[in-house]
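Asks: Take a look at the following structure, please.
The values are calculated or read from the model by the stated rules, or taken from the named source; none is laboratory data. The structure displayed is predicted, hence computed values, not measured ones. Here the Cβ positions follow ideal geometry from the backbone for every residue, glycine too, while neighbour counts run over all protein chains shown. Accessible surface is based on the protein model in full, side chains and every heavy atom, while ligands, DNA and RNA are left aside. Shrake-Rupley method; radii C 1.70, N 1.55, O 1.52, S 1.80 Å.
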Amino acid sequence: MEPLQPADPAEIGGYPLIARLGAGGMGQVYLGAADDGRHIALKVIREGFDDPQALARFRREVATVERVRSRYAASMVGAGLEAPPYWLATEYVPGPTLRQAVAGHGPLPPRTALALLAALAQGLLEIHRHGVQHRDLKPANVILAPDGPRLIDFGIARGEDQTQITRTGGWNGTPGYVAPEVVREQAPLPASDVFSLAVTVGYAATGRSPFGSGPLEAVIHRTLNGEPDLAGADPFLAAVLTDCLAKDPAERPDPAALLARCGAPDLAGDPAYRELVSGTEPPPTLDPARPSAQVPPVPPRSRRRSRLLMPVAAAGSAVVTVGVGLLVLQFLPGSADGSEGKGGRTGKATPSNSATGQGPGQGSGAPTAAASPPPDKIQVQADPGELARVRWNGGLEKCEPALRAEADRPGDWFMSSSPVTSDRATIGMQFSSSNPRDYYLVAEVRPGGNTEGVIESGIVRSKPRRYPGSGLWVNFEYPRDFQWPGAGSTAFELTPGDWTVIWYHVHSDGTAFFANCHGFTVQ
């Protein structure tokens, strides 16, 4: 970090500048401030940089970074893309880079290196769910913040590295860290990030790149044809990294499989990690002698938008965008041919607007199967294969594929997902006209994105809850009501994607039958 120079602007995009963070081939990176006291990193394209292809790429990559949402990645704040100077603002993450930490303290202990691998694999899992690839994962792009590592620089303003690589054949990345398929000018794959992750953690565990250093051509040759040098690494960690460094991307484990092998990230209680970040100093504050500017707020972490697309949210708001707002899904009751759940229609309502969309066969003749409270753990009576395929499609506002519900289920279901905060959501259901007695329900929440292969898949169930009566709602709060020993997994944080909610009717003996399905989309 360096002081501002006399020629530096006082502000960019309304954000006052505090210091210089670094420079690249495309421009300068500054430390800026927001009115709530948080710091941001502003990348500014240098004056006179007007190459049309480069600017078009910058715009595309800003749109890509805008989709990145993970607790292990630096979040976007805003961007200015309409006129020079073009800029991108992300959250400022205090702490040393992984390269700086290893250079200053030596290789990480085995336990710390394994936990770092798990944390960064979780970050890749979350960003890959939304079609984003990092494409330049290396020790210099991992910051060790006090509360955990962060991935930074998703391919924007790589500058000098990119210029160096372009001379060798037009691909983007850093020699020694980029995957073989990228060097061969094939399209980057999510598995390419896994390769780069393994090289990065190999460096953290041994203090050197697994494919060595030296002339560019030699490093590339070893990447394409040589075996990684992991001597000195913990045997278990070395075996995992070796699998990730397979030349064929199809043979590499995906981030979910990595988590299954490494376990959940646990750096918060790691003494060696705490030692690495203990010297992190708070960033400087605004110099009152510099000209003041109107300071815009930093949007909440889960509601980030480019200024080209929408205004920055007001400070203090803690609401995440839920693509469907208040979602209410009503399934038609069984037809003469028994096609329960097919041809369902959707509607919009709030919990207080419950008397809409009644279909034939709705009324008070609902079952009363649970005369006594059921046990907490249930036995679902449905084909596991069919049930596993049911997912909420936010674009169509329905669950697919349709699954036959319990034969005597009341037909007047209404379900909602309230707007969620950054760490919780409320889901609920109501009968508009039926009033079944001793009717117990369990809600199951399935995370957005692909979670196959993860030991803790994130699919969680509530305890049974009794329907409270006519005109009332059964509500569950996620994740609070899904954190108990019988939940079946560990509740994931609310990351963007289409989240599925499955409802089961539970009988007094604990048998449970599929009753309905809806969901919500976190953007």
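Asks: I'd like the full set of residues that are farther than 15 Å from residue 22 by Cα and open to solvent by less than 30 Å² (accessible area, probe 1.4 Å), limited to the stretch 79-94.
Replies: Across the stretch 79-94, the qualifying residues are 79, 80, 81.
Asks: If the requirement is being open to solvent by 10 Å² or more (accessible area, probe 1.4 Å), at pLDDT 90 or above and farther than 20 Å from residue 403 by Cβ, which of these qualifies: 466, 461?
Replies: Result: 466 is the single residue among 466, 461 that is open to solvent by 10 Å² or more (accessible area, probe 1.4 Å), at pLDDT 90 or above and farther than 20 Å from residue 403 by Cβ.
Asks: Say we look at the stretch 186-219 and pick out the residues that are within 24 Å of the chain's Cα centre (by Cα) and open to solvent by 40 Å² or more (accessible area, probe 1.4 Å); which of these is modelled with the lowest pLDDT?
Replies: 187
Asks: Helices (runs of 4 or more DSSP H) wholly in the stretch 179-258 with at least 3 residues that are farther than 25 Å from residue 115 by Cα - which ones?
Replies: Hits in the stretch 179-258: 180-183, 216-225.
Asks: Please go through the stretch 105-157 and give me each residue that is outside any loop (DSSP other than H, G, I, E, B), among the basic types (Lys, Arg) and under 22 Å from residue 242 (Cα atoms), ordered by number.
Replies: 111 - this is the single residue of the stretch 105-157 that is outside any loop (DSSP other than H, G, I, E, B), among the basic types (Lys, Arg) and under 22 Å from residue 242 (Cα atoms).
Asks: Follow-up. Take the conditions in contact with a strand residue (DSSP E or B) (Cβ under 8 Å, 6 or more places away or on another chain), surrounded by fewer than 16 Cβ atoms within 10 Å (Cβ to Cβ), over 25 Å from residue 200 (Cβ atoms) and among the acidic types (Asp, Glu) and apply them to residue 2. Does it pass?
Replies: Answer is yes for this residue.
Asks: Could you please let me know if residue 446 is modelled with pLDDT of 90 or more and more than 21 Å from residue 379 (Cβ to Cβ)?
Replies: Here the answer is no, as residue 446 does not meet what is asked.
Asks: In the stretch 118-139, what count of residues is obtained for those that are open to solvent by less than 10 Å² (accessible area, probe 1.4 Å) and closer than 22 Å to residue 175 by Cβ?
Replies: 6
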